[in-house]
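Enquirer: Attaching a single structure in structure tokens format; questions to follow.
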Amino acid sequence: MVRTVLAINGSTRASSSNGHYLHAIERLVGDRAAFVRSPSISDLPHFSPDLDHEDPPASVVHFRQLVLASDVVLICTPEYAMGVVGSLKNALDWLVSSSTLSGKPVMLVTASLNGEKGHAALLETLTVIEALLRPETNVLIPFAKTKVTSDGVITDDPALQAIQNALDVLLAGR
């Protein structure tokens, strides 16, 4: 049974479309699970193996603890320059040596202008670090800005249905 969903916003913008989608998804989760938002990924230092030892930076420790304490992880991200947003890749790099995402169910929502290449690249990265991925919990939303309002209402029925279906599978643990 899923008790805690950790939501990671792949955008570092204060008022991003991905943040609006996370707001909508939080409402869709409702009382089925606790919805915990990760602090901004821009708070994490640049990954360096020299810093990844017994005493990593406090923001990294906190991020890893949030991932460990969650039952599932939800990533909602744009695509940037036809790839993975650098800050999100940096955050994931901090999880590699600790294996905190290994075996953890992940729902990936790529909400961007197109998103195909960034979505595919992120799925590859998540596979390498052994996140538990299911096709049913991965959603690609092209032209994303036109499908969500600034107060977190998804206005596109196919996008809303795709997110709802993925969320239902994720929360059911099927």
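Enquirer: Determine the principal axes of the Cα atoms in region 4-172, then give the extent along each, sorted from largest to smallest and rounded to whole angstroms.
Expert: 47, 34, 27
Enquirer: Among Pro105, Asn9, Leu140, flag the residue with its Cα farthest along the positive direction of the charge dipole of the chain, charges on Cβ as +1 for Lys/Arg and -1 for Asp/Glu.
Expert: Of the candidates, Leu140 comes out farthest on the positive side.
Enquirer: Just Ala24, Ala162, Ala81 to compare: in a GNM of the chain, with alpha carbon springs under 10 Å, which one fluctuates most?
Expert: Sorting by GNM fluctuation, first place goes to Ala81.
Enquirer: Once amide H atoms are placed 1.01 Å from N in the peptide plane, what residues at a sequence separation of 5 or more from Ala34, or on another chain, have their amide H within under 5 Å of its amide H?
Expert: Thr4, Val5
Enquirer: Looking only at Cα atoms, what is the convex hull volume of region 108-174 per residue, in Å³?
Expert: With only Cα atoms used, region 108-174 gives 89 Å³ per residue.
Enquirer: Can you tell me what share of the DSSP beta bridges in region 4-172 is antiparallel? A percent to the nearest 5 is fine.
Expert: 15 percent
Enquirer: Could you tell me the ratio Rg/Rh of region 90-133? Both radii from Cα atoms, Rh via Kirkwood.
Expert: 0.99
Enquirer: Report the gain in length on full extension from Glu124 to Asp157: 0.36 nm times residue separation, minus Cα-Cα distance, nm rounded to one decimal.
Expert: Working it through step by step, the gained length comes to 9.0 nm.
Only the coordinates and a few stated rules stand behind these numbers; no lab work does. Here the structure is a predicted model, which is why all the values come from computation and not from measurement. Cβ: placed from backbone, ideal geometry, glycine included. Neighbour counts: every protein chain shown.
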